[in-house]
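For reference, the structure is listed below as structure tokens.
Each reported figure results from applying straightforward, stated rules to the coordinates on display, with no laboratory input. Since the structure is predicted, the reported quantities are computational estimates derived from the model, not experimental observations. Neighbour counts run over all protein chains shown; Cβ positions are idealised from the backbone, glycine included.
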Amino acid sequence: MIPTKRLVMIPGPVPVSQSVLSKLGSEVKAHTDPEFIAEFQQLLAELRSIMNCDGIAFLVAGSGTMAMEMAIANIANEKDKVLVCSNGHFGDRYISICKNRGLDMTTLEAEWGMSVTPEEVDRKLSEGKYTVAVVTHVETSTGVELPLKEMAAMMKEKHPEVLFVVDGVAAGGGVEVDMSWGIDVYFTCTQKAFCCVPGMSVTWTGSRALKKREEMGSIRESYIDYARWIPVMTDTRKYWGTPAVNNISALKESVRIMLEEGLEERYRRHREHARLIAEAMSAIGFRILAKEGYRSPTLSIFLYPENMPVDDAAFRAVCAAEGSLVAACLGDYAGKGFRMGHMGNLDKHMLISGVAAIERAAISCGLDVEPGAALAVMQRGLAGKY
Ligand SMILES: *Cc1c(COP(=O)(O)O)cnc(C)c1O
């Protein structure tokens, strides 16, 4: 039997375009090659403009977790009072990173499926002399999108002295962001909605946060120290650590694809596809973990229907064999549903195939629904019959 192509429908890595992959296989250029230097410099300018960043985009090899650490290490030390908000697993990871750093930290936690609100954050920040606040734009364990624009507007109006840091790993490139809303540091990594391979992250840092870094003097870190990278990121002829030349060329191609689609269209498409997939999965009885009004455009957590005899691991194995690789749930939701990524450059074929494989797997695992019920929703939506 011909094996079924397996789509990577997890919240990163995501399916990557062939033109991007080709860059990885091209001859390795020296990081001192003028062609590479120009390409790198141009990419950094494009990255800054995508987020409307008035400072520097640090493009450094290392996964999203490195960016979490880099973002905080450069703007906070033991003297800072930091508020870390968590909407789930990755927010909790940030709490543990800040705890390890010995920061004077307070936490604000939302129930899974919900987000901390601007009112709650405002109230917390009003209680003490905070210097930094951290939130997660899209929480990957719950599929919750934080109301970032409202949150940033609140920060700008009520707490202008507090630096506002956003973990945008599961959002950046798929969800609207504009740092002029009032965001000081925003970061993501390349294997999520930027639709490239794993291995690098981008930490956009605005002028206010750069000023704070300068005031801090020397810090303990070296590889992730802004001060070491600023010369490189402002003049790519300079050297600190060897840049990941092929990954950078690949990301340049990913960004070209993003800009060719147009950011506004890209963000609209992500919302539209998320809505369609949610409707399709609801049509066959799956429930959505994230509360209405807080559902992310980039990924969803679907909870198994009550009437489905569930063996979670078996379901995901069948799903993979049918052609969609989906992820397990985290925390208390482990075993109760699955996580599906729908970010990046998913075309209509991938969307239909992705949902079709999930539907086939659910039916063969005992869910009693009419085959095609979920697909019909997708088809109607993609044919513009909504
Ligand atoms: C994936 C993810 C991370 C961690 O990124 P890695 O590349 O796996 O280190 C951090 N935060 C969020 C919100 C994520 O989705």
Among ALA314, GLY102, LEU44, the residue whose Cα sits farthest towards the positive end of the charge dipole of the chain (+1 at Cβ of Lys and Arg, -1 at Cβ of Asp and Glu, taken about the Cα centre) is LEU44
Checking rank on 212-220, 289-297, with mean other Cβ inside 10 Å and highest first, the result is 289-297, 212-220
Per the C-alpha gyration tensor (a ≥ b ≥ c, the square roots of its eigenvalues), the range 151-264 is rounded if a/c is under 1.5, else prolate if a/b beats b/c, else oblate; here it's oblate
Low-density loop trypsin sites (Lys or Arg not before Pro), the range 42-82, at most 12 other Cβ within 10 Å, DSSP non-H/G/I/E/B, are LYS79
For LYS99, counting only lysines whose alpha-carbon sits under 16 Å away and dropping same-chain residues fewer than eight positions off, the answer is LYS79, LYS81
A chain fully extended from LYS149 to SER222 at 0.36 nm per residue, minus the present Cα-Cα distance, gains in nm 23.0 nm
Loop-resident GluC sites (Glu not before Pro) in the range 1-98 with no more than 10 other Cβ atoms inside 10 Å, DSSP not H/G/I/E/B, are GLU27, GLU78
Contact order relative to length for the range 18-260, counting C-alpha pairs under 8 Å separated by 6 or more residues, stands in percent at 29
If each part is reduced to its alpha-carbon centroid, the range 136-174 and the range 1-69 end up apart, in Å, by 23
In a Gaussian network model of the chain with springs linking alpha carbons closer than 10 Å, the residue among THR190, THR140, THR32 that fluctuates most is THR32
Normalised Cα Rg of the chain, dividing by 2.2 N^0.38 Å with N its residue count, works out at 1.00
For ASP347 and LYS29, extending 7 Å from Cα along the Cα-Cβ vector and measuring point to point gives, in nm, a value of 2.7
Summing -39500 (n - 2.57) over every DSSP H run of at least 4 in the chain, dividing by its residue total and rounding to the nearest 500, the 222 nm mean residue ellipticity is -13000 deg cm²/dmol
